[in-house]
Amino acid sequence: MAQVIGASLAALNGDDVVCVPGLGDLAPLEELRAAELGIRAAANRSQRPSRRS
């Protein structure tokens with residue numbers, strides 16, 4: 001239990017939004033980060049819809 005608490009506190013200290021202390025394979029977390037970056041990039045590129053009359 002102390003390890004879980006330590007991992008959670010370390011994540012908070014590192015400004016992590018997602019903390020999964022029991023996650024052994026970090027690939028899904030990296031995929032999540034990549035997806036979030038993709039969504040943000042797409043939102044920044046999008047243009048406002050043209051106004052129809």
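Among the residues in segment 4-11, are any on the phi < 0 side of the Ramachandran plot, surrounded by fewer than 10 Cβ atoms within 10 Å (Cβ to Cβ) and without any contact (Cβ under 8 Å) to a residue 24 or more places away in the chain?
Within segment 4-11, the first condition is being on the phi < 0 side of the Ramachandran plot, and the residues that meet it are 4-11.
In the following step, the residues that additionally are surrounded by fewer than 10 Cβ atoms within 10 Å (Cβ to Cβ) were identified as none.
No.
Six or more apart or on different chains, Cβ under 7 Å: which pairs go from a residue in segment 13-39 that's within 17 Å of Q3 (Cβ to Cβ) to one that's β-branched (V, I, T) and open to solvent by 70 Å² or more (accessible area, probe 1.4 Å)? Could you list them?
P21/V4
One residue is enough: does segment 39-47 have a residue meeting the conditions open to solvent by less than 70 Å² (accessible area, probe 1.4 Å) and modelled with pLDDT under 80?
Checking segment 39-47: not a single residue is open to solvent by less than 70 Å² (accessible area, probe 1.4 Å) and modelled with pLDDT under 80.
The values are calculated or read from the model by the stated rules, or taken from the named source; none is laboratory data. Please read these numbers as outputs of a predicted model, since none were measured by experiment. Heads up, the Cβs are rebuilt from the backbone with ideal geometry, glycines too, and the neighbour counts pull from every protein chain shown. For the accessible areas, the whole protein counts, side chains as well, though only heavy atoms, and no ligand, DNA or RNA atoms are used. Shrake-Rupley method; radii C 1.70, N 1.55, O 1.52, S 1.80 Å.
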